[in-house]
Amino acid sequence: MDRIAITGGARLNGEIPISGAKNSAIKLMAASLLTEEPLRLTNMPRLADTRFLGRLLQRLGTEVVESDGAEGPETLLTTREIVSGFAPYDLVRQMRASFNVLGPLLARSGQAKVSLPGGCTIGARPVDLHLKALEALGAKIDLHEGYVYAQAPRGLQGGQVEFPFVSVGATEHTLLAAVLAHGETVMTNAACEPEITDLAECLNRMGAKVSGAGTPTITIQGVSRLSGATHAVLPDRIETGTYALAAAMAGGEVRLTRTRSDFIQALIDKMVEAGVEVTPHNDGLTVKRNGGRLKAVEITTDPYPGFATDLQAQFMALMSLAEGESVIRETIFENRFMHVPELGRLGADISVHGGEARVRGVESLEGAQVMATDLRASVSLVIAGLAARGETIVNRVYHLDRGFERLEEKLGACGAQVRRLKGDGGEEVE
């Protein structure tokens, strides 16, 4: 199992291009099940998660072709016919978002058998909202032995879908199903994340009639069929925020390109409050910190446009060196403080009480062996390692590979001393 070694103390200076958004790409890939015509996705990230979903789609009947086009990495997905409506546990368990093939399968072929995704290290994240939304569209849902059996032999019907709380996954899943339903579907208390808007824009390019995406009320006028399209995946706001925090942690000056600063405005506001210089520009932002200790600030995670839960662990790493005590409140997922003991191994002083963590800034961190527990926690340890004295070894980096493309290369281009070690033996990967 690969590991990442970081020798701390190097300031970061240079430019980092941001990849396409993982959380958008995987839902856009699922949209290819809705049409027999080719869906061409540009600005595609090359990640473990997109590979996992590609394998599942191929099993269902999708031809998946990856290439490097004029606009960078792209993927061409063609589902001329659904050859199987069965998504088995051994594939779905590898990535929760693959459960979202259920809606498109049901919308196009009228039936599906999809494994429940199982547990999650950062919280239960049940799929009951997904299933209730599909039932509101006329689907018959049965659960047996860990599988969802869904049927809509006469097609899905438009309906009213009101979410009791904001759910990005359930909002996206409902969109993917409702575009081929008969009649009108109205979603209320829908998620407003940029990835929702990105999915709606792609579906509209395919011939769907979606309005209101990016607001709490989304209206879908169902159509009888969708066509192929070409769509560019939007920039990854979590990767953008992660590298912005890495630059603030290590010090120096880093320009982040091929992205949008407005996607992470809540983070930028807190970084500036902490004493980091952030300058937006037309294709991204520049982060600069040259001397001076950071100031402790408080954050509370919230649905977009609030502070993203997927940046909480990274921000906690930054606050571990801030002067004073910062308070970090997690309101989205339970169990999302699993990185705290590992940051503690580096010398961070953090205590957790329920959904609140108190971070008392220390003068310095010391390198150590640490273990990644999930995707965002793993990169928070890398960020901490950039500022720690000596060497930090991050184990279980398969978590990192799920969501960060060419991390060592991107950080290394800015002067970070980051390298991948192959397996438990520690042999360096060339």
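Values quoted throughout were computed directly from the atomic coordinates according to the rules given, and no laboratory measurement underlies them. Note that the coordinates shown come from a computational prediction; the quantities given were computed from them, not determined experimentally. Cβ placement follows ideal geometry from the backbone for every residue including glycine, while neighbour counts extend to all protein chains displayed.
Which of L176, L134, L407 ends up with the largest GNM mean-square fluctuation for the chain, with Cα atoms connected below 10 Å?
L407
Please label the shape of region 233-302 as rounded, prolate or oblate, based on the square roots a ≥ b ≥ c of the eigenvalues of the alpha-carbon gyration tensor (a/c under 1.5 means rounded; beyond that, a/b larger than b/c means prolate, else oblate). Intermediate values should be presented prior to the final figure.
Details: a/c = 2.06, a/b = 1.29, b/c = 1.60.
In terms of gyration-tensor shape, oblate.
Using 32 Å as the Cα-Cα cut-off, could you pick out the over-long pairs in K270/K422; K27/K270; K27/K140?
Values: K270/K422 37 Å; K27/K270 30 Å; K27/K140 23 Å.
Listed pairs above 32 Å: K270/K422.
What net charge is computed for the residues neighbouring E37, neighbours being all others with C-beta under 14 Å from the C-beta of E37, Lys and Arg scored +1, Asp and Glu -1? Present the calculation step by step, with values, prior to reporting the outcome.
Values: positive: R40, R80, R108, R205, R225; negative: E36, E63, E81.
Overall, the nearby charge balance is +2.
Compute the relative contact order of region 96-209 as a whole-number percentage, counting only Cα pairs closer than 8 Å that sit 6 or more residues apart in sequence. Present the calculation step by step, with values, prior to reporting the outcome.
On the way: 175 pairs, mean separation 30.5, N = 114.
Relative contact order here is 27 percent.
Cross-link candidates for K22: which lysines have Cα within less than 21 Å, leaving aside residues fewer than 8 places away along the same chain?
The qualifying lysines are K410.
At a Förster radius of 30 Å, what calculated FRET efficiency corresponds to the Cβ-Cβ distance of T279 and M338, to the nearest 0.05? Numbers along the way, then the final one.
On the way: r = 34 Å, r/R0 = 1.12.
Efficiency at R0 = 30 Å is approximately 0.35.
Simple spin-label model, 7 Å along Cα-to-Cβ: K295 to Q417 in nm?
Label at K295, label at Q417, 3.3 nm between them.
I want to verify a result. In a Gaussian network model of the chain, Cα cutoff 10 Å, which of these has the top mean-square fluctuation: P305, P164, P104?
In this elastic network of the chain, the residue with the biggest mean-square fluctuation among P305, P164, P104 is P164.
If one computes the Cα centroid of region 2-46 and of region 197-250, what distance in Å separates the two points?
So the two Cα centres are separated by 14 Å.
If you find the alpha carbon centre of region 367-393 and of region 57-120, how far apart are they in angstrom?
33 Å
About the Cα centre of the chain, how large is the charge dipole given +1 on each Lys and Arg Cβ and -1 on each Asp and Glu Cβ? Please answer in debye to the nearest 20.
Details: 44 positive and 53 negative charges, 81 e Å.
So the magnitude is around 400 debye.
Name the residue from S378, G306, I393 whose Cα lies farthest towards the positive end of the charge dipole of region 264-409, charges +1 on Cβ of Lys and Arg and -1 on Cβ of Asp and Glu.
Projecting each Cα onto the dipole axis, the largest value belongs to I393.
So which aspartates and glutamates pass the test for K209, namely a Cα distance under 13 Å, with those fewer than 8 places away in the same chain ruled out?
E184, E201
Give me the one-decimal nm value for the distance between modelled label points at N13 and E63, 7 Å along each residue's Cα-to-Cβ direction.
5.1 nm
Calculate the FRET efficiency for Q151 and R55 from the Cβ-Cβ distance with a Förster distance of 35 Å, rounded to the nearest 0.05. The partial results should precede the final answer.
On the way: r = 25 Å, r/R0 = 0.73.
It comes to 0.85.
Under a crude label model (7 Å from the Cα following the beta-carbon direction), how far is K288 from D90 in nanometres?
Once both label points are built, they end up 5.5 nm from each other.
Go ahead and estimate [θ] at 222 nm for the chain from helices alone: -39,500 (n - 2.57) per DSSP H run with n ≥ 4, summed, over the residue count, rounded to 500. Working shown, then result.
Details: 14 runs with 129 residues, N = 430.
Mean residue ellipticity, 222 nm, calculated: -8500 deg cm²/dmol.
Let me know the shape class of region 18-120, please: from the alpha-carbon gyration tensor, a ≥ b ≥ c as square roots of the eigenvalues, rounded when a/c is under 1.5, otherwise prolate if a/b is greater than b/c, or oblate. Could you put the intermediate results ahead of the total?
On the way: a/c = 2.18, a/b = 1.31, b/c = 1.67.
Oblate.
Can you bin region 22-229 into rounded, prolate or oblate? Criterion: square roots of the alpha carbon gyration tensor eigenvalues sorted a ≥ b ≥ c, rounded for a/c under 1.5, prolate for a/b above b/c, oblate for the rest.
Numbers: a/c = 1.29, a/b = 1.14, b/c = 1.14.
Verdict is rounded for region 22-229.
Let's see if you can work this out: charge +1 on each Lys and Arg Cβ, -1 on each Asp and Glu Cβ, no other charges. What is the dipole magnitude of region 50-152 about its Cα centre, in debye to the nearest 20?
300 debye
About its Cα centre, what dipole magnitude does region 22-229 give when the only charges are +1 on Lys and Arg Cβ and -1 on Asp and Glu Cβ, stated in debye to the nearest 20?
Values: 19 positive and 21 negative charges, 68 e Å.
The calculation lands at about 320 debye.
In a GNM of the chain with a 10 Å cut-off on Cα contacts, which of T78, T279, T242 has the highest mean-square fluctuation?
T279
May I ask you to derive the relative contact order of region 22-229, considering only C-alpha pairs under 8 Å and at least 6 residues apart, and to give it as an integer percent? Intermediate values should be presented prior to the final figure.
Values: 463 pairs, mean separation 39.4, N = 208.
About 19 percent, as a whole number.
Give, in nm to one decimal, the length gained when the segment between K140 and S227 is fully stretched (0.36 nm per residue of separation minus the Cα-Cα distance). Can you show the working numbers first?
Working: separation 87, 0.36 × 87 = 31.32 nm, distance 2.69 nm.
Net length gain for the segment: 28.6 nm.
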